[in-house]
Amino acid sequence: MGPFVRHALSVWLVAFLLPVLIAPLSARAAEWKAGVARVKITPRQPMWMSGYASRDRPAEGTLIDLWAKALALDDGEGHRAVLVTMDLCGIDRDLSGRVCEAIESKHHLDRASIALCVSHTHSGPVVGNNLRPMYGLDERQSKLVDEYAAELETNLVSVAGEALASLAPARLEWGVGRATFAVNRRNNKEEDVTRLREEGKLQGPVDHDLPVLVVRTPGRGGEAKPLAIVFGYACHATTLSFYQWSGDWPGFAQIEIEKAYPGATALFVAGCGADQNPLPRRTVELARRYGSEAASGVGTAIGASLNPVAGALRMSYSEIELPFAELPTREQVEKDAASKDRYVAGRAKLLLSQWDRDGKLSPTYPYPVQVWRLGAGPTIVFLGGEVVVDYSLRLKRELGPEKTWVASYSNDVMAYVPSLRVLKEGGYEGGGAMLYYGLPSPWGDETEERIVREIGRQAQ
Ligand SMILES: [Zn+2]
């Protein structure tokens with residue numbers, strides 16, 4: 001090797017290899033910060049419970065308290081985000097908009113950096129206009145629902161603010177655990193589930209992944225203790241249907257995780273579980289058991305090797321105009337308003353009030369799609385509505401199963417969101433539930449493609 005070649009090699013080393021070697025160090029120089037906060041949101045009044053049309057009276061007590069929790073993140077490069085999770089069945093677009101506007105203006109954040117997620121517990125209160133046509137509320141109950149929504153709005157803004165005010169140096173890690181209690185409710189009869197499970201004959205798509213994000217802060221003695229543990233799972237929170245407030249299985253899971261990791265705040269982000277139920281169900285013991293199974297899935301993921309999350313936070317948000325299949329005529333809606341079916345009449349009255357306000361019905365709905373990329377860690381997709389499991393399976397396949405986390409019930413729970421397969425099959429998730437959400441018809445055929453295309457665009 002001549003001197004020229006040696007010189008060329010060292011130039012090459014300095015010019016190309018050294019930056020590659022140094023890069024991971026400089027990436028680490030930017031340090032994450034995190035903060036958490038929580039506020040109790042259990043109703044103080046015996047008000048109406050959300051999720052089931054069949055309830056005939058208000059709540060009668062509390063099994064476990066309901067919470068709103070916030071996790072604020074700062075990537076050290078000027079990007080901040082706040083995730084707010086709630087033990088609630090749903091929130092509507094108006095409430096979500098007001099909460100986000102207040103957080104944006106108080107803390108100089110943009111819409112993309114705020115994610116509002118509900119657990120979809122069916123043992124929480126009716127919130128604002130979410131699923132309102134499902135309940136025949138009298139004047140007193142309507143007033144309680146409106147008052148609760150106003151108080152919730154204040155609580156959500158303040159809990160986000162508290163989390164942002166407590167930002168401190170942190171380390172992020174993530175991994176994926178597993179739990180198997182979610183069953184495809186469209187493909188298995190509830191009464192057959194125990195037998196089918198024993199025989200290994202459960203049918204239909206499921207997503208048993210349990211993504212986990214662990215935020216650690218340096219404690220005394222250099223040990224980094226979990227400050228926050230965020231976990232997701234694709235399953236309805238419908239174990240319980242009686243008259244006591246509770247976060248259902250996600251509520252029990254959060255309690256158990258917080259017991260196992262003292263000082264940590266556990267936050268649950270629901271996955272694409274619109275067609276998934278925790279089965280069998282209907283006892284407190286089962287709600288506890290599923291909570292326990294989710295918590296132990298989280299523990300197993302933490303006990304195995306988690307992946308450190310380095311790099312910057314990138315966030316995007318948009319609302320796409322999602323078309324309905326068809327709009328009813330004014331004549332049809334007026335006829336429905338006189339129907340003996342109280343759900344048909346309730347929806348019709350809601351549609352008529354929109355018609356009178358806007359001079360027409362909108363042929364589309366502004367559907368929220370949000371993507372957070374956590375550096376080299378997970379890309380978290382937050383979708384509005386009750387999204388069926390086909391979406392998380394497809395998105396993980398298309399965006400990379402090792403780095404994709406799909407959340408649903410985020411920002412606005414306006415309807416079920418079927419895949420094209422489920423839309424064509426029909427049934428409750430395919431279109432039947434639109435009645436209870438006060439929407440004029442099933443979604444159009446292009447729903448899945450439009451949503452997936454927008455996620456792809458944002459995830460680029
Ligand atoms: Zn649901």
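At a glance:
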item	result
Residue in segment 386-395 that is open to solvent by 10 Å² or more (accessible area, probe 1.4 Å), away from the ligand (no atom under 16 Å from the Cβ) and in contact with a helix residue (DSSP H, G or I) (Cβ under 8 Å, 6 or more places away or on another chain) present	yes
Residue in segment 130-156 that is farthest from the ligand (Cβ to nearest atom), counting only those that are under 25 Å from LEU267 (Cβ atoms) and not in a helix (DSSP H, G or I)	ASN130
Selection within segment 266-277 - closer than 30 Å to ARG216 by Cβ and within 16 Å of the ligand (Cβ to nearest atom)	PHE268, VAL269, ALA270, GLY271, CYS272, GLY273
Residue in segment 298-317 that is closer than 30 Å to PRO368 by Cα, more than 16 Å from the ligand (Cβ to nearest atom) and among the charged types (D, E, K, R) present	yes
When residues of segment 268-288 are limited to those that are assigned to a helix (DSSP H, G or I) and over 22 Å from the mean Cα position of the chain (by Cα), the one surrounded by the fewest Cβ atoms within 10 Å (Cβ to Cβ)	GLU285
Leading residue by the ranking (nearest to PRO250 (Cα to Cα)) among those in segment 95-120 that are away from the ligand (no atom under 16 Å from the Cβ), open to solvent by less than 10 Å² (accessible area, probe 1.4 Å) and not hydrophobic (A, V, I, L, M, F, W, C)	SER96
Filter result for the condition that a residue is open to solvent by 10 Å² or more (accessible area, probe 1.4 Å), under 26 Å from GLU60 (Cβ atoms) and either small (Gly, Ala, Ser) or assigned to a strand (DSSP E or B) (or both), over SER296, SER241	SER241
LEU351, sole failed condition from (1) farther than 18 Å from LEU420 by Cβ; (2) in contact with a strand residue (DSSP E or B) (Cβ under 9 Å, 6 or more places away or on another chain); (3) of a type in the set (A, V, I, L, M, F, W, C)	(2)
Of the criteria (1) open to solvent by 10 Å² or more (accessible area, probe 1.4 Å); (2) assigned to a loop (DSSP other than H, G, I, E, B), which one MET315 fails	(2)
The listed residue being crowded, with 19+ Cβ neighbours inside 10 Å and farther than 13 Å from LEU383 by Cα, out of GLY400, GLY430, GLY426	GLY430
Scope segment 208-238; condition of a type outside the set (Gly, Ala, Ser) and within 16 Å of the ligand (Cβ to nearest atom); matching residues	TYR233, CYS235, HIS236, THR238
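Yes/no matrix, rows are residues, columns are (1) among the polar types (S, T, N, Q); (2) surrounded by fewer than 19 Cβ atoms within 10 Å (Cβ to Cβ); (3) without any contact (Cβ under 8 Å) to a residue 24 or more places away in the chain:
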{"residue": "SER123", "(1), (2), (3)": "yes, no, no"}
{"residue": "GLY128", "(1), (2), (3)": "no, no, no"}
{"residue": "MET134", "(1), (2), (3)": "no, no, no"}
{"residue": "LEU137", "(1), (2), (3)": "no, yes, no"}
{"residue": "THR154", "(1), (2), (3)": "yes, yes, yes"}
{"residue": "ALA160", "(1), (2), (3)": "no, no, no"}
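Listed here are the residues, each with its yes/no results for (1) aromatic (Phe, Trp, Tyr); (2) more than 16 Å from the ligand (Cβ to nearest atom); (3) free of Cβ contacts under 8 Å to residues at least 12 places away in the same chain.
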{"position": "PRO378", "(1), (2), (3)": "no, yes, no"}
{"position": "TRP405", "(1), (2), (3)": "yes, yes, no"}
{"position": "VAL422", "(1), (2), (3)": "no, no, no"}
{"position": "LEU435", "(1), (2), (3)": "no, no, no"}
{"position": "PRO440", "(1), (2), (3)": "no, yes, no"}
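A quick yes/no check of all residues on (1) modelled with pLDDT under 95; (2) loosely packed, with under 10 Cβ neighbours inside 10 Å; (3) in a helix (DSSP H, G or I); (4) within 16 Å of the ligand (Cβ to nearest atom):
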| site | (1), (2), (3), (4) |
| --- | --- |
| PHE4 | yes, yes, yes, no |
| ALA8 | yes, no, yes, no |
| SER54 | yes, yes, no, yes |
| ALA59 | no, no, no, no |
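The values are calculated or read from the model by the stated rules, or taken from the named source; none is laboratory data. As the structure is a prediction and not an experimental result, all values here were calculated from the model. Note: ideal-geometry Cβ built from the backbone for every residue, glycine included; neighbour counts use all protein chains shown. Keep in mind that these areas ignore ligands, DNA and RNA; they rest on the heavy atoms of the full protein, side chains included. Shrake-Rupley method; radii C 1.70, N 1.55, O 1.52, S 1.80 Å.
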